[in-house]
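Report on one structure; see the data block that follows.
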2 protein chains.
Amino acid sequence: MKPETMSVVALAGGVGGAKLADGLAQILPPENLTVIVNTGDDFTHWGLNVSPDLDTVCYTLAGLANPATGWGRMDETWNVFEQMERLGAEAWFRLGDKDLATHLERTRRLRDGEPLSSITRDLCARWGIRHAVLPMTDDPVATMVDTVEMGELAFQEYFVHQRCEPTVKGFRFAGIESARPAPGVLEAIEAADAIVICPSNPWVSVDPILKTIKNLEIFESRCAVAVSPIIGGKTVKGPAAKMFAELGIVPSALAVARHYGSPLLAGFVLDAVDAALTEAVADLTIVPFSTNTIMNLSDNRRQLAQDVLNFIQRLAP
Amino acid sequence: MKPETMSVVALAGGVGGAKLADGLAQILPPENLTVIVNTGDDFTHWGLNVSPDLDTVCYTLAGLANPATGWGRMDETWNVFEQMERLGAEAWFRLGDKDLATHLERTRRLRDGEPLSSITRDLCARWGIRHAVLPMTDDPVATMVDTVEMGELAFQEYFVHQRCEPTVKGFRFAGIESARPAPGVLEAIEAADAIVICPSNPWVSVDPILKTIKNLEIFESRCAVAVSPIIGGKTVKGPAAKMFAELGIVPSALAVARHYGSPLLAGFVLDAVDAALTEAVADLTIVPFSTNTIMNLSDNRRQLAQDVLNFIQRLAP
């Protein structure tokens, strides 16, 4: 099978996941890629339903994302935000004017009873996104971060308001037991030749998706590969490395491979700077592959996606 | 009593009401003026609670109003609106970016259970408005316009979406029977030396306020005067003249004086161009006074307010 004819499901959180999803979308035709996105970070701000990871993925795929921040829209303005500050509204989470329209329209439709997956499909069509983007679930799931200093915090409270400063003790995904995968999620996985776990935070971006899918045996026959979000012991963005360390695990690509483990993973992609860890990954009965995984340019996204697809082809020819 | 020491309650709808309220606020100290504003036009748009008349009055008193349109904010931008259009949201009612913050914050607080009057008081403080602005009620009242061509329409549907084109047969104020005056409304009227009915639409701006207050005998001992919104048979803005005509009444300042009538009104202010109608107004046992009532400049607002206060002083020395 040629890489570009593979049917792929990508699991994605925010920035890193969105970039690899964009790389895959540059290679795979729309019918061959479904991106399943974490919604555990979703929260209510200014009375609006905000889905940060979904929006980052959609804005990235639509070419609307702000490349400097990794979140929000490019060429953004802050006129509503300035007035909200003047009116005394909470100002620790910034919503730009263009971005705000997304939350307004989504909130209105959710209140009218429309499921998030249906709203997302329609918004994607209006943004010109041709590949399928699915929230992991239409049901409410809330990622809670248990911390030493402040007890349990809702994810955005920890992530944005407290700037990831509190020491992490553990995680809880409120509502996950009763959350059903959104329509199309299980069907896409069943129809997939391969599953790509994007370089997103294993603890708070990918785990909620995996726990929503629940029956992960389906992954074992489908050549699942993960791309490490940890490079040289650090994350490009976000608190994944800090979380590993605070949970007593030396942060490294190897720790990520162990986190998912075999038999869930058939293969694991780590950065060339971590090539020394390939043997240790192989010892986990996971096939390692090292390449450049930094996606600072659009070309890098496509190149990493091509490398990952070629790797999958070698794993399951 | 000097005019500037009078305690005055002003009843106001949108643009015309806001301008005279602004003129009164230029003369009267904060403790001597309460503006009671129609909320029958309030509606939900994009899932947000919008109070057009309250906002016009507040923006005008705060010096934030757009002088060209008569509604919305000056130096407004439309970045959210443009994105909302792209997402397929209803676009017949335009909400600017700065204006939107008001609706977002109000909606969030209403959903949290705070009454509109309390939210309005706080927003006014943040905008630097020192005079009291009260919604007529904290309860839901919806002005419905019965039309020949389209049946009954919600007010904004008639006013903005259908551009006042359908022929009016009558009005209904849904919820008015059980609507209680907002906290402070009756107290302000009881404490007032005079009541000024601003040059707002009698049918759809002032009548809802009067019907919410219900017991109008309180007006009779308080020197109530109205300023005609109809000048030379026409309105400066809005459909009041068209409504009179469609209801079979020749539109004129006299028709407005008759609409309120005696004993509700002690005095009536009509424009100098309508001076020929003063005798007919006097025949209604209402004291007429004609002066320039066009408020195209800030100075005109203050001058008309001064003329009205001087007139009241002569009526009830």
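Since every read-out is calculated from the coordinates, none of them should be taken as a lab result. Bear in mind that the values here come from a model prediction, so they are computed numbers and not experimental data. Neighbour counts run over all protein chains shown; Cβ positions are idealised from the backbone, glycine included.
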Check: Residue check: is A:Ile312 under 22 Å from the mean Cα position of the chain (by Cα), surrounded by fewer than 16 Cβ atoms within 10 Å (Cβ to Cβ) and within 23 Å of A:Asp207 (Cα to Cα)?
Finding: no
Next item on the list: For residues that are without any contact (Cβ under 8 Å) to a residue 12 or more places away in the chain and assigned to a loop (DSSP other than H, G, I, E, B), tally how many sit in the range A:258-307.
Entry: 3
Check: Restricting the search to the range B:104-116, which residues are buried (at least 17 other Cβ atoms within 10 Å of the Cβ) and either part of a loop (DSSP other than H, G, I, E, B) or more than 10 Å from chain A (Cβ to nearest Cβ) (or both)?
Finding: B:Leu116
Check: Tell me, which residue of the range B:27-59 that is more than 12 Å from chain A (Cβ to nearest Cβ), in a strand (DSSP E or B) and hydrophobic (A, V, I, L, M, F, W, C) is farthest from A:His103 (Cα to Cα)?
Finding: B:Leu33
Check: Only one of (1) within 14 Å of chain B (Cβ to nearest Cβ); (2) assigned to a helix (DSSP H, G or I); (3) crowded, with 17+ Cβ neighbours inside 10 Å fails for A:Lys19. Which number is that?
Finding: (1)
Check: Restricting the range A:60-90 to residues that are more than 10 Å from chain B (Cβ to nearest Cβ) and crowded, with 23+ Cβ neighbours inside 10 Å, which is nearest to A:His161 (Cα to Cα)?
Finding: A:Ala65
Notebook entry, point to check: With respect to B:Gly232, is the statement that it is surrounded by fewer than 20 Cβ atoms within 10 Å (Cβ to Cβ) and either closer than 23 Å to B:Val15 by Cβ or in contact with a helix residue (DSSP H, G or I) (Cβ under 6 Å, 6 or more places away or on another chain) (or both) true?
Noted result: yes
Checklist line | Meets criteria (more than 25 Å from A:Asn66 (Cα to Cα), of a type outside the set (Gly, Ala, Ser), more than 14 Å from chain B (Cβ to nearest Cβ) and in a loop (DSSP other than H, G, I, E, B)) for A:Asp146 | finding: no
Check: Taking the condition surrounded by fewer than 23 Cβ atoms within 10 Å (Cβ to Cβ), part of a helix (DSSP H, G or I) and touching a helix residue (DSSP H, G or I) at 6+ places or on another chain (Cβ under 6 Å), does B:Ile119 pass?
Finding: no
Notebook entry, point to check: Pairs under 9 Å by beta carbon, first residue under 20 Å from B:Arg222 (Cα atoms) in the range B:178-191, partner of a type in the set (Lys, Arg) and loosely packed, with under 15 Cβ neighbours inside 10 Å, six or more apart or different chains?
Noted result: B:Pro181/B:Lys214
